Structures are given as structure tokens and as C-alpha cells.
1. When you scan the range 201-228, how many residues do you find that are touching a residue at least 40 places away in the same chain (Cβ under 8 Å) and either buried (at least 17 other Cβ atoms within 10 Å of the Cβ) or in contact with a strand residue (DSSP E or B) (Cβ under 7 Å, 6 or more places away or on another chain) (or both)?
2. Which condition does residue 41 not pass, out of (1) buried (at least 19 other Cβ atoms within 10 Å of the Cβ); (2) within 14 Å of the chain's Cα centre (by Cα); (3) assigned to a helix (DSSP H, G or I), if it passes all the others?
3. Does the range 8-16 contain any residue that is within 16 Å of the chain's Cα centre (by Cα) and under 24 Å from residue 123 (Cα atoms)?
4. Among the candidates 133, 139, 126, which residue alone is touching a strand residue (DSSP E or B) at 6+ places or on another chain (Cβ under 9 Å), more than 13 Å from the ligand (Cβ to nearest atom), in a loop (DSSP other than H, G, I, E, B) and under 22 Å from residue 2 (Cα atoms)?
5. If you go through the range 78-106 one residue at a time, how many are within 16 Å of the ligand (Cβ to nearest atom), surrounded by 14 or more Cβ atoms within 10 Å (Cβ to Cβ) and either more than 17 Å from the chain's Cα centre (by Cα) or more than 19 Å from residue 142 (Cβ to Cβ) (or both)?
6. For the range 64-77, how many residues are away from the ligand (no atom under 12 Å from the Cβ) and either without any contact (Cβ under 8 Å) to a residue 24 or more places away in the chain or touching a strand residue (DSSP E or B) at 6+ places or on another chain (Cβ under 8 Å) (or both)?
7. Taking residue 29 as meeting all but one of (1) surrounded by fewer than 17 Cβ atoms within 10 Å (Cβ to Cβ); (2) within 16 Å of the ligand (Cβ to nearest atom); (3) within 20 Å of the chain's Cα centre (by Cα), write down the number of the exception.
8. Quick one: residue 205 ticks every box in (1) out of contact with any helix residue (DSSP H, G or I) (no Cβ under 9 Å at 6 or more places or on another chain); (2) within 16 Å of the ligand (Cβ to nearest atom); (3) closer than 13 Å to residue 5 by Cβ bar one, so which box is it?
Ligand code: F6R
């Protein structure tokens, strides 16, 4: 695992977007795993800007989102389908037939899960998986005690997640679906590379547990310690509780391919 600390949330999101863009340029038919949530908004805004100003081309890539609420229509304002349309898909030249999310309205939800996994396999597997972390340590919607080998499946959301995401439902957790379809931890760990972005002081403690604590199903992001190619990009506020901060800074400056850009405000 590699931890990169950037001065601000904006610079952390920008570097995340630059890394995605570099991968996309190197492999135009990249299979990209996507996440939603407030943290990702800056990444998608930066990617859309790179599409406009630098011609970053999404036309050959495929995308697979981590999760979707059960029971929300795709055009519901709080669905992840709608989030992706608004924040990324409508702003770049992606081929919508290759932009996949789990179908939370499927008549047979249990059949939808292996079907989603099969689509990932048919696309050749995920090259780069973008991730955020929930306040309860989840990746995707893999809530505490999710099996670390779990696959795409239905998952009940925890009170912590309902509280975290109520803001997308007019601040009323009562209006939120209580269940979601999510890629499993095992599915995520099969991605060739993982890229987790974490910003803000309210994520500092859970980030430290995920990165430096024991691997435990109570903090499913800690399973990323098992991944051979996982980068975690954080801002100063989120890094505050990391014991190894000095070491991570040293590695970034002296060893990381992106370290040369550390004083470049566009990265
Ligand atoms: C959603 C997802 C979640 C979020 C996490 C953080 O697709 O994968 O794991 O990344 O809940 O959400 P924010 O960024 O809103 O704090």
C-alpha cells in the first residue's frame, strides 16, 4: 500500500484524477471501477475539465460502479445512476452502453449480483478501482462484518451509513433505502489496481484504522492491506491520525512516480 498526503482536498482529488487520466491515456480501453459520494465529486469535475481542455478520451473505456441502492429508479435524484449521469457521464464522451451500475430495481436481485460479476469478467476484469471510505470503514457498501471474500450481493446499510448519506435524501434517513447492491470485498480485491481517496478530518480516525490497524471485517477498507497495488490519496486533515506520516511523505518525495509533481498546483 502507498499513502500519498496532499495539502488540500482539492489537490488530493486532482492527483486522483491525474492518475486516472494517465491510466486512460496509456490504455484507452481501460476498465475503470467507479465510486460515488461527496469525496468523488472533485475527481469527476477534474476529469470532465481534462476532457474539455485536454481532450481526455473516454470513448473506449468501460466503467463499473461499486454499488446502487435497492428500490430507487435509475432517474431518482438520489440514485447512483443519477449521480453518475450528473457528475461524470453527461460531461465526458463515455459510451453509455459500457457504463455499468448494479440494477437496484432488478426483478430478481439475487440473479442481478452474479450477472454483474459476469459482466465485469466479460470486460476483462477491472484495471483500476476508485474507492472512498465510509465513516464506518466501508468500501462500496461493504458494511462492518462483511466477509473479506464477499462477492456482489445485497447488503443492509448500517445506522452510521444511513446517517452519513441522509443528506442526499433531504436530511431524512427515513426516506433512504435500507439496502443496496454492492460489489463484495473479494470483488474489489480482484481489481488490478486500487485507488482510494479520503479527505476531511471526520475520516482521520477510520482511515488510520483501515491503513495502519489490523485487517478486520469490522473495517472492510482494511482488507486493502492485502492488495498488491493499492494507493491511498489523502489530504492533510484525513492524514492527521496516521502514525507513519513522515515515512509516507518521504516515500512520495523520493520514490513515487508522482512525487516530482509535488509542488505543481495542477496535480
Ligand atoms: C459509494 C461508495 C462509498 C463511499 C463512502 C464515502 O459508491 O463506494 O463507499 O465512497 O461512503 O462517501 P463520502 O465520500 O460521501 O463520504
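The values are calculated or read from the model by the stated rules, or taken from the named source; none is laboratory data. All of these numbers come straight from a predicted model, not from anything done at the bench. Glycine gets a Cβ as well: all are built from the backbone with ideal geometry, and neighbour counts include every protein chain shown.
1. 14
2. (1)
3. Yes, that holds for at least one residue.
4. From the options 133, 139, 126, the qualifying one is 126.
5. Here the count works out to 12.
6. Within the range 64-77, residues that are away from the ligand (no atom under 12 Å from the Cβ) and either without any contact (Cβ under 8 Å) to a residue 24 or more places away in the chain or touching a strand residue (DSSP E or B) at 6+ places or on another chain (Cβ under 8 Å) (or both) number 5.
7. (2)
8. (3)
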